[in-house]
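Written out below as structure tokens is the structure these notes cover.
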Amino acid sequence: QDMTHAQHAEDTFTRHIQAQDQVLETLTTAISIYDADHKLTLFNSAFAKLWDLNPSWLSDEPTFTDVLERLREQRRLPEVADFKAFKAEQTGLFGRLQKPMETLMHLPDGTTLRSVASPHPLGGLIFAYEDVTDQLDLERNYKTLSAVQRETLDNLYEGVAVFGVDGQVKLMNPSFARIWKLAPKNDEVPLRMSGFIKHITALIRREDGQGGGGGGGGGTFDTIHLAAKLMSRDSDRGRVRLIDGGVLEYAKVPLPDGAVLLSYLD
């Protein structure tokens, strides 16, 4: 009987499995694959390291329940009031899960893991675990910092606004709106640099038209020159006089991301 085709298919399948193993081994994401009988058939080094499990023990193909029991002994699972119910819920995913399911696992040592369970095409489940503790801490710190900065800007007597490279306002505090008699920031209809320049031209004294918050000097009122000066990458500061007699000290600071910060002090 000619077994050439069968042998070739088997060799191809073996190479495919070996290539898959090599790819999984290079990943920093912890991967584990369980078959339809709940036995651990494949795992990478990141999985053993993340859960602090002996690779030799894992190579003996423990069941999913055995792994849960071992992790519970090492206090590497989320604290639950009823572990029996938790285990039943987890093992119940086999044969029931139809699409990937993502959850966050908060471990007793403060670690937070992103867990993704997916059904395996040949039966069983694939689990992927990623440590997102640092990412969540960074997001939390960023939100706190942003809130502090927002609160600080909102209570400044000095008017501050940031216009992005697209000419749209990204940030504007109440003092800026008050000084220039603008409506409060509206995310649905954002203020643009062209609209801001058009608005302030009616408020600035004609001899200060070249500046308008972008430079002093006399001459005729040139909105094109004013727009170019406000969006340029050069720092600037000075004084501008308003028609109603007000005098504003201004500063323009180009930001690293291409935006420009304008500040005005009455």
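Details
- In sequence order, calculated HN-Hα J values of segment 114-128 (Karplus, 6.51, -1.76, 1.60; Hz; x Gly/Pro): 9, 10, 10, 9, 10, x, 8, x, 9, x, x, 9, 10, 10, 10
- Within the same chain, lysines fewer than 8 places from Lys39 are excluded, and of the rest, those with a Cα less than 17 Å from its Cα are Lys87.
- Here Asp166 sits with roughly 70 square angstrom of accessible surface, probe radius 1.4 Å.
- Under 18 Å from Lys229, Cα to Cα: aspartates and glutamates that are on another chain or at least 8 residues apart: Asp166, Glu207, Asp208, Glu249, Asp257
- With DNA, RNA and ligands ignored, accessible area of Glu73 (1.4 Å probe; Å², nearest 10): 140 Å²
- Relative contact order, percent, the chain [alpha-carbon distance under 8 Å, six or more residues apart]: 11 percent
- Stretching Arg237 away from Leu261 to a fully extended chain increases their span by 7.5 nm, per 0.36 nm per residue minus the current alpha-carbon distance.
- Based on alpha carbons, the Rg and Dmax found for the chain are 31.4, 104 Å.
- Residue-normalised accessible area of segment 1-85, expressed per residue, 1.4 Å probe, Å²: 68 Å²
- Hypothetical label at Met101: residues of segment 120-138 whose amide nitrogen lies under 13 Å (7 Å Cα-Cβ projection): 120, 125-127
- Taking the 1.4 Å solvent-accessible surface of the chain as the whole, the part contributed by carbon and sulfur is 53%.
- Between Thr41 and Thr28, residue separation times 0.36 nm minus the direct Cα-Cα distance comes to 2.8 nm.
- 5 angstrom amide H check on Arg205, placed H, neighbours 5+ away: Arg241, Leu242, Ile243
The values are calculated or read from the model by the stated rules, or taken from the named source; none is laboratory data. All values derive from a computational prediction rather than experimental measurement. As a convention, Cβ positions derive from the backbone with ideal geometry for all residues, glycine included, and neighbour counts pool all protein chains shown. These area figures cover heavy atoms from the full protein model, side chains too; ligands, DNA and RNA do not enter into them. Shrake-Rupley method; radii C 1.70, N 1.55, O 1.52, S 1.80 Å.
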